[in-house]
Amino acid sequence: MLKVAVLLSIGRHPASGRPRRAPLDARALELALRLPGAEIHAVHAGDPAEPVLRDYLGMGLDRLTVLEIPAGSDPVPALVAHLKALSPDLILAGRCAEGGEDSGMLPYLVAQGLGAALLPDVADLSAGEGTATLTQALPRGRRRQAEARFPLVVSVHPAAPEPRQSAFARARRGLVEAVAASAPQDGFIGECEIRPWRPRPKRLRLAAGGSALERLKAATETKSGQGQVLVRPTADEAARAIYEYLVEQRVIGTS
Amino acid sequence: MIATALSSLILATLAAGAVLALQHARRWRAGQPAGVDIVAGLKALPGRYLVDVHHVVARKSFNARFHALTAGGFLASLPLLVLAAVPALRGWLLWGLLALALAVMLGGALMVGYRRRVEKPAELSQGRFKRLPYALLAYAAAFLVVALDQLAGGVLPWPLALAFVLAGAWGGAELILGVGRGPLKHALNGALHLVAHPRPARFHDRAGRDTGLRPADLEAPKLGSERPLDFAWNRLLGFDACVQCGRCEVACPAYAADLPLNPKKLIQDLVTAMDTAADGERRTDASYAGHNHPGRPIGLAQGGAALPLVGPGAMIHPDTLWACTTCRACVQECPMMIEHVDAVIDLRRFQTLELGATPAKAAAVLEELRVTDNPGGKPLARRTDWAVDLNLPLLAEKGQCDVLLWLGDGAFDLRVQRSLRALVGLMRRAGIDFAVLGEEELDSGDVARRLGDEATFQDLARRNIATLSRYRFGRIVTADPHALHVIRNEYPSFGGHWTVTHHTAFLLELVESGKLTLKGPTGGSVTYHDPCYLGRYNGEIEAPRRLLDAIGLQRVEMERSGLRSSCCGGGGGAPLTDVAGKRRIPDVRMDHARATGAERVAVACPTCTLMLEGVVGQRPAVAEISELVLEAVA
């Protein structure tokens, strides 16, 4: 029987900052649930008491293994050790978490630890005897078909099918199984300052004349590499730069 | 001899009817237990039948009259026919009374025949129901002849008299055996349903209205109803009381727009499914002889008492379940007081909580609701973005106020923000001491609950109640009838008791008390669209009309208005489940508005505003009542 491990993390809603099932990991689980006859092992490294983990159970899992590691520690060694013992054919994970270091490195590090191949950005897959046929999502909507032999680590792209709804009753009935695990403290993440993301301000560009299409382009297009970069300017310097920019763009007059 | 034949045939039929009825009762007695006060129900039964049921039936006065004549005559004739079994009682008095009762019934039966055979309203079912007028006529006319013959001392030759007895007995058998299986389900099942009604408070002898959904026990082993057997027994009894009169079908906005939902068929689907006794036995809906769910042919659905009700190949297609806007038009029209919306919500609870099968956008919205406490997944601080220049006082800063303005999720929408600005402007003019909750206001839970997500609803309700309990305020005013209904009628089950006033009633108070002065007649014509959650759910249909009259607008009524108004299509999460039909529900409603020729449609609900604003083509303008009032204040 096809043995599939799905690595699940805890996401963070961009508006409320509250924990939720991570959208890409949920997609990874969705892909696993769609594989006919697969034996699914869902794994999370973190706190087994986190209530949001039940959202994954609500998608139709009977149990979820949690490798109990303290917050702020590196989950990779614990995951690699657990997966070595489990030796699944296929390991699925979202290509990037939501709310941690968000480096997107975890699938690669796990693949390296296991000595398994990795195929990134998968939007769809089907499994055969010892191999899987996968569809990779490339930029601009292009797709690439690939075949790969097990064992295989797959990172899941946002273009993968929407995860199914989590049902309250199934979430309540599912089992969270805590397994003790050791994890080294992650020095890097401990030193990071974490603050809410905000959109980068766009350069204002006043466009007059030209065709409607040109004006629309001018209003919506962002070009990089223009303008002047001020690193840690003083308040005066920053204010002067903004003032000059507004004058240049004719937002305010010079008088 | 003729008299003996007559009464023994009737006695035999009554006995057979009783056996059949008992057998039939097993179907609904197999349901889940329910706390029912049978004694109180029995005491209230005559009143409920003669007042509440009559009020519904009498909306068509012709129907009320033929029911009174037919049922009165029939019920009077039965004991007389039984008494005729005693030879000592056979005399002119008995035959005379019997002839009188049967003559009355004959009058009614002729009216029934006229309605079913001449008028032929399209919503009536055929099949067994088609034979009803013949059965009534046979029973009344043939037995009348027999009674008159007996009164005259038996002048007819006995073979002829016996033929009349047999003809009448056929009619009697049709009617009495039809008590269990239809068409005469209202005689027994209907009466028992009134006795054991799951919402006794809706009758005139109690509060007269009971529309809040009942909380579900989230600890229960199974949430919601999957199979007919999962419904409480008195709910099953309610479904089994349906006489397929089709009034719900005529009133249903989804049916009118050719969405795949016919409330009459929905109830009959449930009845057909519960008709099977054995586990796993299947039955199709082929015996149903009324209109189908639009777009879904009859004969494909199949189910049983112990089988799942909802599914693509099951008794009820998911599209049918999710097309309902929970507008309660069917409940309002049902003479058997069936609670269709409760059944829909029970079925939806199973689909959402147990299966995670909420369709289309609805599932994503429920997830956003759980994580962000609003359906759009927006930061809650943005609920008051539209009012940066209005300096809305926050209750957290004031500590207390007279009026807490509940903004609702409409506050995230550009169109609704316009009417909220008008409302705030009016409150400022009237010098009202008010405040808003700002970031602390969460979604009321209305949409989650109608989509069957009782868990999310209860979570939102508890947290809103905890927030509201921290503050002191006189009352809540809201422009959102959905929030109004939930806070007024559904939060009390969770310990939240507040006075909630709809902004139309509140503005009317301000105008009548002189706190708002009007310029005088503004002119122009307007038609008012009643929101379901204000009208049918809360009975408030007067205040908005008086307000429009006070402004001096010329008010014209739509074909359906007041408690019998037609839904805009926005309730019950219907815009999220987005079941396709031939038309859109708001387009149908806008047709009603167009037909009045009014320049504007006045609305009093953010959902109605959005649904009706979404109608394309030539149409009257859509104006929220507070916008109209703002135009008119001096």
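The values are calculated or read from the model by the stated rules, or taken from the named source; none is laboratory data. Keep in mind it's a predicted model, so treat the numbers as computed, not measured. Cβ placement follows ideal geometry from the backbone for every residue including glycine, while neighbour counts extend to all protein chains displayed. The area values use the complete protein model at the heavy-atom level, side chains included, leaving out ligands, DNA and RNA. Shrake-Rupley method; radii C 1.70, N 1.55, O 1.52, S 1.80 Å.
Taking Cα centre as origin and charging only the Cβ of basic (Lys, Arg, +1) and acidic (Asp, Glu, -1) residues, the dipole magnitude of region B:288-368 rounds to 180 debye.
Stokes-Einstein diffusion coefficient for region B:23-161 at 4 °C in a medium of 1.567 mPa s, Rh from the Kirkwood formula over Cα pairs: what value in µm²/s? Could you put the intermediate results ahead of the total?
On the way: Rh = 17.7 Å.
Translational diffusion coefficient: 73 µm²/s.
Considering only alpha-carbon pairs that sit under 8 angstrom and 6 or more positions apart, the relative contact order computed for region A:3-191 is 30 percent. Seen from A:Met59, the other residues with C-beta closer than 12 Å to its C-beta sum to a net charge of 0, counting Lys and Arg as +1 and Asp and Glu as -1. Look at the stretch A:11-20: the mean tally of other chain Cβ atoms within 10 Å of its residues' Cβ atoms is 5. Straight-line cross-link partners of B:Lys265 among the lysines, defined as a Cα under 29 Å from its Cα and at least 8 positions apart when in the same chain: B:Lys60, B:Lys120, B:Lys130, B:Lys185, B:Lys222, B:Lys361, B:Lys582. Full extension of the segment from B:Ala122 to B:Arg429, taken as 0.36 nm per residue of separation minus the current Cα-Cα distance, would add 105.2 nm.
Taken residue by residue and averaged, Cβ atoms of other chains lying within 10 Å of the Cβ of A:54-62 number 1. Only aspartates and glutamates eight or more places from B:Lys43 in sequence, or on another chain, were considered; those with a Cα closer than 17 Å are B:Asp52, B:Asp205. Here B:Leu11 and B:Ala88 are evaluated by their C-beta separation; at R0 = 25 Å the FRET efficiency comes out at 0.90.
For A:Leu125, neighbours were defined as the other residues whose beta-carbon sits under 14 Å from its Cβ, and their charges (Lys and Arg +1, Asp and Glu -1) total +1. Only lysines eight or more places from A:Lys84 in sequence, or on another chain, were considered; those with a Cα closer than 21 Å are A:Lys3.
Please report the base-10 log of the normalised intensity I(q)/I(0) for region B:370-428, using a Debye sum with one equal scatterer per alpha carbon and no solvent, at each q in 0.12, 0.15, 0.19 (1/Å). Per q value, in the given order, log10 I(q)/I(0) is -0.30, -0.48, -0.76. Here the average projected area of the convex hull drawn through the C-alpha atoms of region B:374-511 stands at 7.8 nm². With contacts taken as Cα pairs under 8 Å at a separation of at least 6 residues, chain B carries a relative contact order of 12 percent.
Assuming R0 = 25 Å, what is the FRET efficiency of B:Glu613 and B:Val388, from their Cβ-Cβ distance, to the nearest 0.05?
Numbers: r = 24 Å, r/R0 = 0.96.
That gives a FRET efficiency of 0.55.
Net charge near B:Ala251: determine it from the other residues with C-beta under 11 Å of the C-beta of B:Ala251, scoring Lys and Arg +1 and Asp and Glu -1.
Details: positive: B:Arg59, B:Arg247, B:Lys264, B:Arg328, B:Arg536, B:Arg560, B:Arg564; negative: B:Glu123, B:Glu249, B:Glu333.
Residues near B:Ala251 contribute +4 overall.
Spin-label model, A:Ala241/B:His204: points 7 Å from Cα along the beta carbon direction are separated by 8.0 nm. Cysteines in the protein assembly as shown that lack a partner Cβ within the 4.7 Å cut-off: A:Cys96, A:Cys192, B:Cys242, B:Cys245, B:Cys252, B:Cys324, B:Cys334, B:Cys401. Relative protection proxy for B:149-160, A:51-62, from highest mean packing down: A:51-62, B:149-160 (other beta-carbon atoms within 10 angstrom). Name the residues of region B:363-377 whose accessible area, probed at 1.4 Å, falls by at least 40 Å² once all protein chains are in place instead of their chain on its own? Residues meeting the cut-off: B:Glu367, B:Arg370, B:Val371.
Antiparallel as a % of all DSSP beta bridges within the protein assembly as shown, to the nearest 5? Provide the component values of the computation, followed by the final result.
Values: 20 of 72 bridges.
Expressed as a percentage, antiparallel bridges in the protein assembly as shown total about 30.
Please work out whether chain B counts as rounded, prolate or oblate from its C-alpha gyration tensor, where a ≥ b ≥ c are the square roots of the eigenvalues and a/c under 1.5 means rounded, while otherwise a/b larger than b/c means prolate and anything else oblate?
Values: a/c = 2.40, a/b = 1.91, b/c = 1.26.
The shape class here is prolate.
Counting only DSSP beta bridges whose two residues both lie in chain B, roughly 15 percent are antiparallel.
Could you order peptides B:465-475, B:169-179, B:374-384 by the average number of other Cβ atoms within 10 Å of their residues, highest first? Don't skip to the answer; put the middle values down first.
Values: B:465-475: 14.9, B:169-179: 21.0, B:374-384: 17.9.
Peptide ranking by packing, descending: B:169-179, B:374-384, B:465-475.
Per-peptide packing, taken as the mean over residues of other Cβ atoms within 10 Å, places B:448-458, A:14-24, B:222-232, A:234-244 in the sequence B:448-458, B:222-232, A:14-24, A:234-244 from highest down. Take the Cα of A:Leu175, go 7 Å toward its beta carbon, and the backbone nitrogen atoms of region A:57-91 under 11 Å from that spot belong to A:62-65. Computed from the C-beta positions of A:Leu216 and B:Arg583, the FRET efficiency with R₀ = 35 Å rounds to 0.50.
When Cβ neighbours within 10 Å are restricted to other protein chains, what is their mean count per residue of peptide B:215-223? Intermediate results must be reported in sequence, preceding the final value.
On the way: counts 0, 0, 0, 3, 1, 1, 2, 1, 4.
So the per-residue partner count for this stretch is 1.
Candidates B:Gly212, B:Leu188, B:Ala147 compared by Cα position along the dipole of region B:128-252: farthest toward the positive end lies B:Gly212, with charges placed on Cβ. Helical runs assigned H by DSSP (4 residues or longer) give chain B a calculated mean residue ellipticity at 222 nm of -13500 deg cm²/dmol, each run adding -39500 (n - 2.57) before division by the residue total. State, to one decimal in nm, how far the label point of A:Thr234 lies from the label point of B:Asp37, with both points 7 Å from Cα in the Cβ direction. With each label point 7 Å from Cα toward Cβ, the separation is 8.3 nm.
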